[in-house]
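The values are calculated or read from the model by the stated rules, or taken from the named source; none is laboratory data. Values in this document were obtained by computation on a predicted structure and should not be read as measured data. Glycine also receives a Cβ, built like all others from the backbone with ideal geometry; neighbour counts cover every protein chain displayed.
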Amino acid sequence: MKVAVIHDWLIDFGGAEKVLKSIMNIYPDADVFTVVCAMSKDELSTLGINKPVTSTFIQRLPFGVKKYKTYLPLMPLAIQQLDLSEYDLIISSSYCVAKGVLTGPDQTHISYCHSPVRYAWDLQSQYLKESGIEKGLKSMLARLFLNRIRDFDVRSSFAVDYFISNSSFISRRIKKFYRRDSNIIFPPVDTSDFKLEENKEDYYVTCCRLVPYKKVGLIVDTFNQLPDKKLIVVGSGPEFETIKSKAKDNIEMIGFAKYQDLIKYIQKAKAFIYAAEEDFGIVPVEAQACGTPVIGFGKGGLLDTVIDQKTGIHFKHQTVESMLEAIELFESQTTLDSPKQISEHALQFSRERFEAELQNYINKCYNEGIVK
C-alpha cells in the first residue's frame, strides 16, 4: 500500500502539525505533499518527515514562501496539480485546501478536517472586520474571493471518501457546510509533558498567540477590574503592545516563554483562563493535564474537553461581565474535581490514544474501500 499525506502548508509548528506528526508515526514511509514548505530538514525530521517534501508551483513564485497567503486565490488550482495517481491511500490534513487534491475511484481519500475554511464561512464578517475591509472596493474583491473559496471548499468535499473531525463542533460544521457525516477523533495532546502539580499558587494564567480572535484583550479588561487577583499572560503576537499598554499592575505580561517555563506557569496556576472560540483547543487540555482547572468560553471545542463545574467553569458570552461571573463562581466553587481527577480526565486526549484510534479507523475505511 502506497500512502500519500497532504498538509496545507509547512511553515511553523502548531496543533495541525502535531496531527501530522502522529500521522507520520503511523505511516513513516508515506510521501508528503504541501502547498509550500519553509521548514528545514531538521524541522521536518521532528515531524517524522525524513524524505523530500513535494510542494506546488506556489513555492517557486516570487516570495512564494514568505508571502504564501497572498497566493491564496491560486491555492485551489495549485493543490489540484499534484499528481497522486500512484498512491493507494491518500490522507489529507486539511483546514484550507489540502482536501482538494484530485483522486481516482480506486483510491481511498481520508481527510482529517481541522475545520472547513473558517473565514470563508460563518466567520466571514469577523474576518472582514478584523482586516478593516468591511466597505469599499477591497471589501467587494475580498467577498468575491471568499465566495469562490466557498465554492471550491464544497466541491472538493465531494471527492473525500471519509471525513474525520477533531471535535463535535467541527463535526457539526462539516455536516452543515458539506452535508457529510464525519467520525470524531480528538487530536493528540502531549499530556506526558504537562505533569500533574497539586500545589497551586495564587495566580491565574493564560497562554496563546496574541491575535484578535484569541480575545486576550478581553481577559485583560476583566482582570483590570479585579486588582486583588494576579494574571500572568504568556505569549507574543501583533496585539502584545496594545494589550500591555492597558494592563494594570496586577497583570504580568511575559511575552514569549520557553517550553519548560510555559509548563511551570500552567502547572502552578490556580486556574487557566481561555476566551477564544476554538475548533478544539489544545492548551486547555494541557492545563488540565497539569491538574489546573480551566475557566473558558463555553462554545466550540471546549465543550468536548472541559466538563463544566467539574474540570473547569464555562462562561456563556465573550464579555467582561460573563467572565467576571465565571471567576466569582470559580472562587466560591466546591464541586470542582481535585487536581488529580482533572489530570486523569485529560489523559483521554493523549497522543498514544489518538494514534491507536486513528490507525484503527483508517484501516477500517481502507478495507471498506477495497471491498467496494
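Restricting the search to helices (runs of 4 or more DSSP H) fully inside the stretch 161-271 and requiring at least 1 residues that are within 25 Å of Leu303 (Cβ to Cβ) and small (Gly, Ala, Ser) gives 168-178, 216-224. Inside the stretch 57-91, residues that are closer than 27 Å to Tyr27 by Cβ and touching a residue at least 12 places away in the same chain (Cβ under 8 Å) make up a count of 20.
For the stretch 223-244, a residue qualifies if it is within 25 Å of the chain's Cα centre (by Cα), surrounded by fewer than 19 Cβ atoms within 10 Å (Cβ to Cβ) and touching a residue at least 24 places away in the same chain (Cβ under 8 Å), and the qualifying residues are Ser236, Gly237, Pro238, Glu239, Phe240, Thr242. Residue pairs whose Cβ atoms lie under 7 Å apart, separated by 6 or more positions or on different chains, with the first residue in the stretch 34-54 and over 27 Å from Pro76 (Cβ atoms) and in the same structural domain as Asp83 (by TED's automatic domain parsing) and the second modelled with pLDDT of 95 or more and surrounded by 12 or more Cβ atoms within 10 Å (Cβ to Cβ), are Gly48/Lys21; Gly48/Met24; Gly48/Asn25; Gly48/Pro28.
Which ones in the stretch 10-37 are at pLDDT below 95 and part of a loop (DSSP other than H, G, I, E, B)? Result: Ile11, Asp12, Phe13, Gly14.
Looking only at residues of the stretch 310-340 that are in a loop (DSSP other than H, G, I, E, B), out of contact with any Gly (no Cβ under 8 Å at 6 or more places or on another chain) and hydroxyl-bearing (Ser, Thr, Tyr), we find that the one that is modelled with the lowest pLDDT is Thr334. Given the criteria surrounded by 20 or more Cβ atoms within 10 Å (Cβ to Cβ), assigned to a loop (DSSP other than H, G, I, E, B) and in contact with a helix residue (DSSP H, G or I) (Cβ under 6 Å, 6 or more places away or on another chain), does Ser92 qualify? Considered against the rule, which asks whether it is surrounded by 20 or more Cβ atoms within 10 Å (Cβ to Cβ), assigned to a loop (DSSP other than H, G, I, E, B) and in contact with a helix residue (DSSP H, G or I) (Cβ under 6 Å, 6 or more places away or on another chain), Ser92 comes out as no. When restricted to residues that are in a loop (DSSP other than H, G, I, E, B) and farther than 30 Å from Ile110 by Cα, the stretch 341-372 contains 0.
With Phe152, Phe194 as the choices, which residue is more than 17 Å from the chain's Cα centre (by Cα), surrounded by 12 or more Cβ atoms within 10 Å (Cβ to Cβ) and not assigned by TED's automatic domain parsing to the domain that holds Pro116? Result of the check over Phe152, Phe194: Phe194. If the condition is being hydrophobic (A, V, I, L, M, F, W, C) and out of contact with any helix residue (DSSP H, G or I) (no Cβ under 7 Å at 6 or more places or on another chain), then the stretch 38-57 contributes Ala38, Met39, Leu44. The residue that is nearest to the chain's Cα centre (by Cα), among those in the stretch 337-370 that are buried (at least 18 other Cβ atoms within 10 Å of the Cβ) and without any contact (Cβ under 8 Å) to a residue 60 or more places away in the chain, is His345.
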